[in-house]
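The values are calculated or read from the model by the stated rules, or taken from the named source; none is laboratory data. Keep in mind it's a predicted model, so treat the numbers as computed, not measured. Here the Cβ is made from the backbone with ideal geometry for all residues, glycine too, and neighbour counts use every protein chain on show. Protein only, heavy atoms only, side chains kept; ligands, DNA and RNA dropped before computing areas. Shrake-Rupley method; radii C 1.70, N 1.55, O 1.52, S 1.80 Å.
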Amino acid sequence: MLIAHLSDLHISAGLPETAPVRRDAPEMARRIVADMMALPQKPDALLITGDVADGGSIADYDLIRTILAPLTMPLFMVPGNHDQRAPMRTTFGGDVPFADAPFLCFDAMVGSVRIIGLDSLIPGRVEGALCPDQLNWLAGRLAVGDAPVFLMLHHPPFASGNAHWNATALCEGVPRLAEILRASPAPVRLLCGHVHQAFHTEWAGCYAAVAGSPAFQYGFGFDAQEEPPIIDGPYAWWMHHQRADRSFAVHPRLIALPQRKDL
Ligand SMILES: [Fe+2]
């Protein structure tokens with residue numbers, strides 16, 4: 001099984017609301033889709049870990065749907081802090097098996113793997129939260145079945161390397177989430193976004209990946225207090241290769257992006 005993991009497309013039908021987002025973000029997403037569909041071995045599923053839209057209007061999601069239309073594999077997405085629940089559900093509810101309101105969470109099988117999505121959005125806030133109801137729902141889901149799980153969550157529950165990122169990460173539900181993941185009978189791969197820099201780590205006994213953003217990317221800022229610099233460079237998304245014997249490997253797919261003129 002091949003699972004593609006992207007994040008933070010920040011697409012808007014009009015001008016972006018977020019200052020560092022490149023004006024050609026929709027075109028960057030189109031390039032990624034075209035590149036993915038040209039791969040000789042295409043992913044079996046595409047997972048996008050939030051900030052799919054930049055402002056979250058119906059027009060934004062309609063544009064995103066048009067951009068993603070050439071893809072032929074099942075699509076899964078969770079909301080980020082720049083998304084809006086109602087329009088996301090309206091536009092993608094026929095593609096992603098969202099649970100009933102209020103949260104945009106889901107639990108689905110794709111071949112031999114399980115995809116679970118969590119909704120960490122706090123409307124109007126940058127940081128994220130998981131409430132007890134959603135955590136109890138997750139615990140119940142993980143208690144049954146033993147297929148490898150790809151758990152999607154926009155806000156990382158772990159430290160991302162500097163004070164700016166850590167202050168805007170998952171701020172509620174972290175200890176309980178760690179407890180649930182440590183108790184899971186199935187292996188869990190935790191997939192996040194939000195940080196706009198691609199990296200791997202380990203948390204609560206799980207492999208964890210953060211996918212970067214084609215809309216804007218941060219440079220290194222290890223142990224710094226301030227926001228890291230925004231940089232030019234290729235975009236990297238992750239191809240997760242889940243093998244039949246339950247071993248797995250993660251490979252970057254690098255996409256060259258045109259140089260930003262505003263940096
Ligand atoms: Fe983002």
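Below are the figures for this structure:
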quantity: Helical contribution to [θ] at 222 nm, DSSP H n ≥ 4, -39,500 (n - 2.57), averaged over the chain, rounded to 500; calculated: -6500 deg cm²/dmol
quantity: H200, H5, H164, reordered so the largest accessible area comes first (probe 1.4 Å); calculated: H200, H164, H5
quantity: Length-normalised contact order for the chain - Cα pairs under 8 Å, 6+ apart - percent; calculated: 19
quantity: For segment 2-255: accessible area per residue (Å², 1.4 Å); calculated: 39
quantity: Cut-off under 5 Å, modelled amide H: who pairs with I122 long-range; calculated: A129
quantity: Within the accessible area of the chain (1.4 Å probe), percent carbon and sulfur; calculated: 55
quantity: For the chain, the spread of Cα positions along each principal axis, largest first, Å; calculated: 50, 43, 34
quantity: Distance in nm between pseudo-label sites at E17 and T66 (7 Å out along the Cβ direction from Cα); calculated: 2.0
quantity: Where C171, C131, C192 fall by accessible area, highest first, once all protein chains stay in place (1.4 Å); calculated: C171, C131, C192
quantity: For peptides 226-234, 99-107, 50-58, sequence by mean Cβ density within 10 Å, most packed first; calculated: 50-58, 99-107, 226-234
quantity: Principal axis dimensions, largest first and in whole angstrom, of segment 1-128 by Cα; calculated: 37, 32, 23
